[in-house]
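To start, the structure under review is shown below, and the notes come after it.
The values are calculated or read from the model by the stated rules, or taken from the named source; none is laboratory data. Predicted, not measured: the structure shown is a model, and the values here were computed from it. Ideal geometry is used to build each Cβ from the backbone, glycine not excepted, and the neighbour counts take in all protein chains shown. Areas reflect the complete protein model, heavy atoms only, side chains present, ligands, DNA and RNA absent. Shrake-Rupley method; radii C 1.70, N 1.55, O 1.52, S 1.80 Å.
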Amino acid sequence: MTKKIDPCTLVLFGASGNLSRIKLIPGLFRLDVAGRLPDHMAILSVGRGEVSREAWQADIKSMLDAKFKNGYDQKVFERFIARNHYQANPPTDPDAFTKMKSVLSNESIFPQNLAYFLSVRPTDFAPVVEQLSGVGLLDESKYWRRVLIEKPFGTDLASAKDLQAKITKHLKESQIYRIDHYLGKSALQNVMLTRFTNAMFEPLWNNQYIDHVQITNNEILGVGDRTQFYDSTGALRDMVQSHLLQTLALVAMEKPTNLSPDSIRTEKIKLLESIRPIPVNELSKHTFRAQYAAGRVCVADGHGENVPGYLEELAKEGVNESVTETYAALKLFIDNPRWKGVPFYIRTAKRMHEGNTAISIRFKKAPMQLIEGQHQNWLTLNIQPRECIKMEIESKIPGLDIATRTLSIDAPQRQQGDETIDSYESLMLNLMEGDPSLYLHINEVEAQWRLVDPVVKAWMADRSPVHQYRAGSRDPVESSVIFETKDQFWRYSIELGGDKH
């Protein structure tokens, strides 16, 4: 369903950064190719250094050439390049924002509905908002003004509340778009539609039929050149607090009244606020953390590669010890009638044997048990790398005997000819449309930090050595301590036969 977009100007802060060069500007070009940008739409890229418009447009061409190696439509390129302008905003210039206002006031070039994308350091979120407000660039008396704030929104509950207090001096909640790029993934958006548009699923989506739910994000990659950032963050704050709790909200929330942004957000907030706090005095039963040690991982060409452990990588940076987790697993319960007693297992890890993001739902035992240990039904919604829906059911083996085997029904979500849309493209379009349904409300942010904070603090306070797992291996056997029953196990890849422990 295509929505009408008002004439507008997208003001892109941090234009020379990697996110802008690799994702945002190529993404905006793809939106233009798809005919989704309004005719009267301009892009003002904001960077620290002085760059002429001609030089910036030449730079944009190099970004597009690098991204689209098979070429692109020249007419669309000419239309797109004409939309692009550049504004220097050096931090040493006290009049930088006044100059920006003067440039943007030219209505013949820049439509006056303004969307700001703050691809800047988290410490700059509040100062940029304050300075935009100081020169009147957030005033909505005549036109709309929206501000997109990149992740992370705070580093804990206190800092999130502090950032919220600073920016709401100048912005209404309806103007704030807190991004979680995971929510822009088509396969993740499909979770809600799979549930609510299929009569065969929703009646079973409760504690009467579901044994447990697993939400997984595993990577083959290590921390790379983000060593110092990662050591101050860890897997719990980097992935669980944002991406995976949002995924859980989509899996478990009640059906919204309709598909309006307010209805969807309302149900997500209710769900997140109903997650039971993790008992800090019983962390060992509800949480597990570990770090990857040296090992061997599979690289893109299928060959193995020996890689160092996390502590070895830190040692190269002069850090001799760390309790920061690269593997985090949690057991969560939702205190509402639908999910009472159903454990939700969330895990994320680096340097695993495979990279996969998936939601795996295990159903309870069937009413007829022919043999001990008979397989239970599974439904897997795979997010990446392969977007698909898979069901596993028991079926009779042809022959004289009464016996069953597991059949896998595997349906690819992405089919030949389907659009391939990057999550940032989807979210930038939503920003211009004024659709915040895939952005985080402050109540969601606070509920997520409220849940994670006590675990982060307890883990940081416990300085004993963290469990090690070999790079390229599967989940540590010790992580099974969080399972509710002995017959539960970590679900792996979607390939039948490769998914058991």
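A few points about this structure:
- Residue that is surrounded by the most Cβ atoms within 10 Å (Cβ to Cβ), among those in segment 427-445 that are touching a helix residue (DSSP H, G or I) at 6+ places or on another chain (Cβ under 7 Å) and within 21 Å of Ala42 (Cβ to Cβ): Met428
- Residues of segment 207-249 classified as open to solvent by 20 Å² or more (accessible area, probe 1.4 Å) and under 15 Å from Ile334 (Cβ atoms), total: 3
- Test: residue in segment 475-491 that is assigned to a loop (DSSP other than H, G, I, E, B), open to solvent by less than 70 Å² (accessible area, probe 1.4 Å), basic (Lys, Arg) and within 20 Å of Phe333 (Cα to Cα): yes
- Filtered residue count, segment 130-145, keeping only those that are without any contact (Cβ under 8 Å) to a residue 24 or more places away in the chain and not in a loop (DSSP other than H, G, I, E, B): 0
- The set of residues from segment 38-54 being of a type in the set (A, V, I, L, M, F, W, C) and at pLDDT 95 or above comprises Met41, Ala42, Ile43, Leu44, Val46.
- Of all residues assigned to segment 302-320, at least one qualifies as being touching a residue at least 12 places away in the same chain (Cβ under 8 Å), open to solvent by less than 40 Å² (accessible area, probe 1.4 Å) and in contact with a helix residue (DSSP H, G or I) (Cβ under 8 Å, 6 or more places away or on another chain).
- Test: residue in segment 285-292 that is surrounded by fewer than 21 Cβ atoms within 10 Å (Cβ to Cβ) and at pLDDT 95 or above: yes
Residue by residue, here is whether (1) closer than 21 Å to Tyr424 by Cα; (2) open to solvent by less than 30 Å² (accessible area, probe 1.4 Å) holds:
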site: Ile109; (1), (2): no, no
site: Leu114; (1), (2): yes, yes
site: Phe125; (1), (2): yes, yes
site: Val128; (1), (2): no, yes
site: Leu137; (1), (2): no, yes
site: Lys142; (1), (2): no, no
site: Ile149; (1), (2): yes, yes
site: Leu171; (1), (2): no, yes
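- Those strands (runs of 3 or more DSSP E) lying entirely in segment 208-327 with at least 1 residues closer than 21 Å to Tyr492 by Cβ and under 26 Å from the mean Cα position of the chain (by Cα): 210-218, 287-293, 295-298
- Test for Gly373: is it exposed (fewer than 15 other Cβ atoms within 10 Å of the Cβ) and closer than 22 Å to Val481 by Cα: yes
- Within segment 173-193, the residues that satisfy the criterion of being part of a helix (DSSP H, G or I), open to solvent by 10 Å² or more (accessible area, probe 1.4 Å) and touching a residue at least 40 places away in the same chain (Cβ under 8 Å) are Glu173, Ser174, His181, Tyr182, Ser186, Gln189, Asn190, Met192.
- Within segment 372-429, being touching a residue at least 12 places away in the same chain (Cβ under 8 Å), in a strand (DSSP E or B) and charged (D, E, K, R) holds for Lys390, Glu392, Glu394, Asp410.
- Hey, Ala160 assigned to a helix (DSSP H, G or I), modelled with pLDDT of 95 or more, open to solvent by less than 50 Å² (accessible area, probe 1.4 Å) and small (Gly, Ala, Ser) or not: yes
- The strands (runs of 3 or more DSSP E) found entirely in segment 1-99 that carry 1 or more residues being open to solvent by 20 Å² or more (accessible area, probe 1.4 Å) and aromatic (Phe, Trp, Tyr) are 84-88.
- Residue that is closer than 26 Å to Asn430 by Cβ, at pLDDT 90 or above and β-branched (Val, Ile, Thr), where the choices are Val280, Val240: Val240
- Filter pass, Thr257 being more than 24 Å from Ala160 (Cα to Cα) and at pLDDT 90 or above: yes
- Residues in segment 475-488 that are modelled with pLDDT of 95 or more and not polar (S, T, N, Q) were compared, and the one that is nearest to the chain's Cα centre (by Cα) is Asp475.
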